[in-house]
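Here's the structure we're looking at; comments come further down.
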Amino acid sequence: MKKWIILFLVVSGAVLSGSAAKRKPNVVIFYTDDQPMDSFGFINGKAHTPNIDQLAQSGTYFSRAYATSSVCSPSRYSALTGQYASRCQSPQFRKEISTEGVTKVLWNMGMEEGQWNFPRVMQANGYKTGMVGKWHVGSSGKHGYRKSVPNNDPKDPAVIEVLKYNQEYYCKDIAEFGFDYVGAAFHGNPNDDPNLVKTGCNVHVPEWQTMHALNFIEENKDEPFVLYYASTLLHVPDCTADLKKDPRLTPLGWMDEPIAPGVLPPREDVLRRAREAGVPESENGKLIAATWLDDVVGAVQHKLKELGLDDNTLVIYFNDNSTDDQGKGSCYQGGAHVPMMVNLPGVVKPGERKELVANIDIAPTIFDFCGVTPPEDMVLDGASLMPLCRGENVSDWRDAMFLEIGITRAVVTDDNFKYLAFRVPESYTNRPKEEILKEHRESLANIHKMFPWTKKMWHEEENPRYMHMGMAPGGHHMERFQLYLNHPPFEKNYFDPDQLYDLNRDPRETTNLAENPEYQAKLQKMQKKLSRLLADVPGTFAELKPEE
Ligand SMILES: [Ca+2]
């Protein structure tokens, strides 16, 4: 009799777990770094990226996706929080608001203690949350500081001890923002950690990052999870140069054995496949290394398949900002326009969608897909992409996308026009000239120190102008790169306060239509549109959002 009761309980339990208690779905987000358009094989055939191509081809490919702020830190802030970066409340960010109230979205992002972001929300809803790779969104301040290496020898046990200590510190610190698992972490870029630079350990080791990603998936295969995999590829340092390095050189120092053997195909094999596919060696090391990044995507997908999770895991792929045409750090297409892919066979419909979407949509998409209601006090600027991914017609989808960086703001509309407003706050320029010149000289000296080859090109100016990021009179190095290297297409319009582009005819923004008499009505319409979008976010912006 007892036996029968036990059998009944076992059988009913199995029925429950099979149907009534339907498996909760998982999400994997690939958030890659500084990927130019030509590093996506499916976009123009230059790079060899079969796994990434497959994501686009068997899923929804959003061909008009945007990074609302086109540098690493605010782009990530917006993805994690679902908010425009100008909502940031960190002391560092607030400190840089001008006396007029103009916010300056740059690398000054930080998340506040207790502030909602998607990992925290998912964690509060029973999800296991994992993060691998580059953070770049502030420190909790709860676990002290990183230590300095005693010398520059990556093989010295004393150096390795410090590097390991720092890694543990990074992981603990980042976990404070809502993660159950953090591995192979970088607080910023490999080149931002002086200990890594000093020891030559400022290298990309995707094998190490992927090992942690796979461990996290394996550990949580029976529980719902969200994995945020923020690869350091394809940002500097030169990725192809790192691909040619010995895999025993890692951010944890020199290893006796490669750090994660077998997790990814051998490095020489990556080089061989890329070359056989005819990928050229590019100056910036990105094209060949795109195949390395592609192997990362392949390894994660293989693991999902092996564990039978591939039919229940939404994969989102987003590039934090582009680097085309020197556009990074601007509202130009070359920085802000990126591809986005969402994939889950059977749920997400294959095909291209041309709606305006952005990184701010990632958090709402995760919540919607997983059936999680975001907390009432969480401000979300984005919207769920799931209806678009299911192939539905969404008649009330946004008709304009807001972009913000430094002291420029822009709007892209569904008819594919862009209005870009560049306004230098009066408080920046209405100062003693000597003060301005002093800052200019300091900034220039820094640039010359970091990039000695610029000494011959860039000299002190009598009237140094602020540039799009609003960093220093005469420009910070990235701003100068934007404008004064390789003749970017927007070169002659860069300082125009009002810029209007027809992206259908002029996708690289060479011709400013703002002064063209035929486009005055359009310009006014676009200005109104931008004003309305500005009204929704904190901060003033000259006459487009005056102080009240
Ligand atoms: Ca980036």
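The values are calculated or read from the model by the stated rules, or taken from the named source; none is laboratory data. Because the structure is a prediction, the values reported are computed rather than measured. Here the Cβ positions follow ideal geometry from the backbone for every residue, glycine too, while neighbour counts run over all protein chains shown. Note: accessible area is taken over every heavy atom of the protein model, side chains too, but ligands, DNA and RNA are not part of it. Shrake-Rupley method; radii C 1.70, N 1.55, O 1.52, S 1.80 Å.
A few points about this structure:
- Secondary structure note: in the chain, about 50% of the DSSP beta bridges are antiparallel.
- Considering only Cα atoms, the convex hull volume of region 417-534 works out to 123 Å³ per residue.
- Surface composition of region 24-399: carbon and sulfur make up 48 percent of the accessible area, probe 1.4 Å.
- Note that region 473-478 has calculated 3J(HN,Hα) couplings of x, x, x, 7, 4, 5 Hz, one per residue in order, obtained from phi through the Karplus relation 6.51 cos²θ - 1.76 cosθ + 1.60 (θ = phi - 60°); glycine and proline are x.
- Spatial separation of Cα centroids for region 476-502 and region 317-381, in angstrom: 26 Å
- The listed peptides 428-437, 103-112, 307-316, 503-512, ordered by packing as a protection proxy, come out as 103-112, 307-316, 503-512, 428-437 (highest mean of other Cβ atoms within 10 Å first).
- Separation between Cα centres of region 135-171 and region 45-78, rounded to whole Å: 31 Å
- Structural descriptor for region 417-534: relative contact order 30 percent, calculated from alpha carbon pairs under 8 angstrom and at least 6 residues apart.
- Using the Cβ-Cβ distance between T429 and N312 with R0 = 56 Å, the FRET efficiency computed as 1/(1 + (r/R0)^6) comes to roughly 0.50.
- Working note: 222 nm ellipticity from helices only, DSSP H runs with n ≥ 4, each -39,500 (n - 2.57), summed and divided by the residues of the chain, gives -9500 deg cm²/dmol to the nearest 500.
- Over all Cα atoms in region 254-300, the spread is summed up by Rg and Dmax: 11.8, 34 Å.
- With both labels modelled 7 Å from their Cα along Cα-to-Cβ, the N416 to D502 distance reads 1.2 nm.
- Looking at region 331-391, the trypsin sites (Lys or Arg not before Pro) that sit in a DSSP loop and have at most 15 other Cβ atoms within 10 Å of their own Cβ are K354, R390.
- Simple spin-label estimate for K305 and W458 in nanometres, 7 Å along Cα-Cβ: 4.7 nm
- For T32, distant residues with modelled amide H under 5 Å away: F318, N319, D320
- Label-point gap, in nm, between F495 and D399 - each point 7 angstrom along Cα→Cβ: 3.7 nm
- The reciprocal of the average 1/r between distinct C-alpha atoms defines the Kirkwood hydrodynamic radius, which for region 24-399 equals 20.8 Å.
- Interchain or long-range residues, amide H under 5 Å from V226's placed H: V27, K128, T129, G130
- Computed packing ranks the peptides 373-383, 154-164 as 154-164, 373-383, most packed first, by mean other Cβ atoms within 10 Å.
- Residue-count net charge about D294 - beta-carbon cut-off 11 Å; Lys, Arg +1, Asp, Glu -1: -1
- Peptides ranked, highest mean first, by Cβ atoms within 10 Å: ranges 73-84, 245-256: 73-84, 245-256
- Applying a DSSP loop filter and a limit of 16 other Cβ atoms within 10 Å to the chymotrypsin sites (Phe, Trp or Tyr not before Pro) in region 491-542 leaves F495.
- Based on Cα contacts under 8 Å between residues 6+ apart, the chain shows a relative contact order of 21 percent.
- A 1.4 Å probe run over the chain, with the rest of the protein chains in place, finds 42 Å² accessible per residue.
- Full extension of the chain segment joining E515 with S140 gains 130.2 nm, where the gain is 0.36 nm per residue of separation less the Cα-Cα distance.
- Computed over protein heavy atoms with a 1.4 Å probe, the carbon and sulfur contribution to the accessible area of region 417-534 reaches 52%.
- Estimated vicinal HN-Hα couplings, Hz - region 286-295 in sequence order (Karplus 6.51, -1.76, 1.60; Gly, Pro = x): 9, 5, 5, 5, 4, 5, 5, 4, 5, 5
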